[in-house]
Number of protein chains: 2
Amino acid sequence: MEAKILLQQHIAKTASLTEEEFNYFFSHFKPMSFKKGQTIIGAGDKVDCEYFVISGCLKAFFINDEIKMYILQFAMPTWWTSDYTALYNQTPATINVDCITDAEVLCLSNTDREKLCAGFHQIEHFFRWRTNKGYIASQKRLLSFMNNNVKTRYEELLILYPQLYNLVPKHLIAAYLGVSRETLSRLHNS
Amino acid sequence: MEAKILLQQHIAKTASLTEEEFNYFFSHFKPMSFKKGQTIIGAGDKVDCEYFVISGCLKAFFINDEIKMYILQFAMPTWWTSDYTALYNQTPATINVDCITDAEVLCLSNTDREKLCAGFHQIEHFFRWRTNKGYIASQKRLLSFMNNNVKTRYEELLILYPQLYNLVPKHLIAAYLGVSRETLSRLHNS
């Protein structure tokens with residue numbers, strides 16, 4: 001029941017749906033549970049779904065040619081995640097999504113999202129703004145990579161994810177910032 | 001007239017509008033001409049519009065704390081550009097947009113886009129997919145930054161912008177890739 005209320009409150013910030021419309025919308029989501037460490041999307045996979053986080057914390061990450069891991073996004077409750085390039089273009093995944101903690105998510109398929117958007121103008125409106133916000137987050141992440149000032153990037157991270165420092169292992173925060181654990185400790189204590 | 005046809009063909013790939021609906025849509029765009037080197041958006045500016053490129057080539061770029069320039073995007077005909085973070089959040093611009101060549105664009109205000117999306121489901125559909133594609137491009141740009149393999153990144157760039165090497169000064173291509181001009185020449189000749 002909690003999942004339904006969380007999604008309803010999330011949608012209501014952007015779109016107006018009647019109770020009946022929301023129930024129909026919600027009926028297309030599949031609840032799924034994952035254990036800490038479990039993989040949801042692996043590089044190379046076919047990607048059919050996007051995920052709305054109900055509880056726990058996921059990470060979306062990329063491993064480059066030098067086997068170095070970069071974290072693109074931490075996904076907390078009410079965040080959406082997937083490999084959207086793979087999902088929208090129907091190409092194999094280039095990023096991975098796995099679970100930092102045990103997690104519950106709601107899964108929506110590509111086909112169902114398109115059907116819901118075509119059927120309900122307000123749902124299309126919701127997904128347009130959801131993607132607008134995702135686009136902004138992606139641009140911020142890109143600018144944080146271009147900006148060499150690690151202190152600024154660390155401060156931005158804490159604004160974006162206030163509970164992160166207590167929730168997530170330090171080596172993952174360092175992998176998000178692209179710094180060593182020692183540099184991270186220094187930033188946190190300065 | 002060319003501008004109108006270019007926009008109409010562009011929209012028709014994603015959305016179905018009647019001739020009358022398209023004329024109404026088009027009436028909200030303001031044609032603007034810029035000279036080579038002219039600034040369209042400067043860091044710190046208030047941003048009210050997004051731009052659909054009719055002719056010429058723009059660049060969206062970021063100057064970091066160490067005064068190093070990074071190019072986020074080259075915008076060619078039928079591409080859209082703006083500082084979307086500033087536009088959507090109504091915050092001051094953090095990126096710059098200027099003209100690599102003389103350029104003609106169609107300018108659409110934030111207010112008019114929202115009015116058009118609210119009035120026409122098909123226009124909302126168009127802008128959802130426009131942003132989906134922008135999101136994918138932004139993610140690709142981010143992954144190219146995380147991947148240290150410069151040769152792969154250069155090849156991806158030529159796929160994304162096939163005419164780029166002849167159109168754009170070499171130092172700007174180098175600034176997009178984050179390499180020196182010498183490295184760029186070596187990649188191009190290899």
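The values are calculated or read from the model by the stated rules, or taken from the named source; none is laboratory data. Values in this document were obtained by computation on a predicted structure and should not be read as measured data. Heads up, the Cβs are rebuilt from the backbone with ideal geometry, glycines too, and the neighbour counts pull from every protein chain shown. These area figures cover heavy atoms from the full protein model, side chains too; ligands, DNA and RNA do not enter into them. Shrake-Rupley method; radii C 1.70, N 1.55, O 1.52, S 1.80 Å.
Some notes on this structure:
- Chain-alone versus full-assembly comparison, segment B:137-171, residues with accessible loss of at least 10 Å² (1.4 Å probe): B:138, B:139, B:140, B:141, B:142, B:143, B:145, B:146, B:147, B:148, B:149
- Loss of accessible area when B meets A, both sides summed, Å² nearest 100, probe 1.4 Å: 3900
- Extension gain, residue A:13 to residue A:39: 0.36 nm times the residue separation minus the Cα-Cα distance gives 6.3 nm.
- Take residue B:166, move 7 Å from Cα toward the beta carbon, and the resulting point lies 6.1 nm from the same point in each other copy, nearest first.
- Using a probe of 1.4 Å, the accessible surface attributed to residue A:27 totals some 80 Å² when neighbouring protein chains are kept in position.
- Per-copy distances of the residue A:185 label point, shortest first, in nm (7 angstrom along Cα→Cβ): 4.7
- Take the protein assembly as shown with all the other protein chains still there, run a 1.4 Å probe, and you get 46 Å² of accessible area per residue.
- Estimated 222 nm signal from helices in chain A, with DSSP H stretches of n ≥ 4 weighted -39500 (n - 2.57), rounded to 500: -14500 deg cm²/dmol
- In terms of its Cα atoms, the protein assembly as shown spans 56, 53, 39 Å along the principal axes, sorted from long to short.
- With a simple spin-label model that places each label point 7 Å from the Cα along the Cα-to-Cβ direction, the separation between residue B:20 and residue A:30 comes to 4.4 nm.
- Structure note, pairs A:46/B:140; A:59/B:59; A:140/B:133: Cα-Cα distances above 21 angstrom occur for A:59/B:59.
- When the other protein chains are added to the chain by itself, burial of at least 20 square angstrom of heavy-atom accessible area (probe 1.4 Å, ligands and nucleic acids ignored) affects these residues of segment A:44-66: A:62, A:64, A:65, A:66.
- Theoretical FRET efficiency, 1/(1+(r/R0)^6), r = Cβ-Cβ of residue B:115 and residue B:152, R0 41 Å, to 0.05: 0.45
- Each of residue A:65 and residue A:90 was given a label point 7 Å from its Cα along the Cα-to-Cβ line. The distance between the two points is 3.0 nm.
- Solvent-accessible ranking of A:76, B:32, largest area first, probe 1.4 Å: B:32, A:76
- Measuring r between the beta carbons of residue A:55 and residue B:160 and using R0 = 35 Å, the FRET efficiency lands at 0.35.
- Viscosity 1.002 mPa s, 20 °C: Kirkwood-radius Stokes-Einstein D of chain A over Cα pairs, µm²/s: 121
- Fraction of accessible area attributable to carbon and sulfur, segment A:2-146 (%, probe 1.4 Å): 54
- Set of aspartates and glutamates near residue A:115 by C-alpha distance (under 12 Å), chain-local residues within fewer than 8 positions excluded: A:124
- Each other copy holds its own label point for residue B:24; taking that point as 7 Å from Cα along Cα to Cβ, the gaps run 2.4 nm, nearest first.
- Taking B:98, A:65 and ordering them by how much accessible surface each has at a 1.4 Å probe, largest first, produces A:65, B:98.
- Proximal aspartates and glutamates relative to residue B:151, as straight alpha-carbon distance under 14 Å, when same-chain residues fewer than 8 apart are discounted: A:65, A:66, B:182
- Residues losing 30 Å² or more accessible surface upon assembly, segment B:116-132, compared with the chain by itself, 1.4 Å: B:121, B:124, B:128, B:129, B:131, B:132
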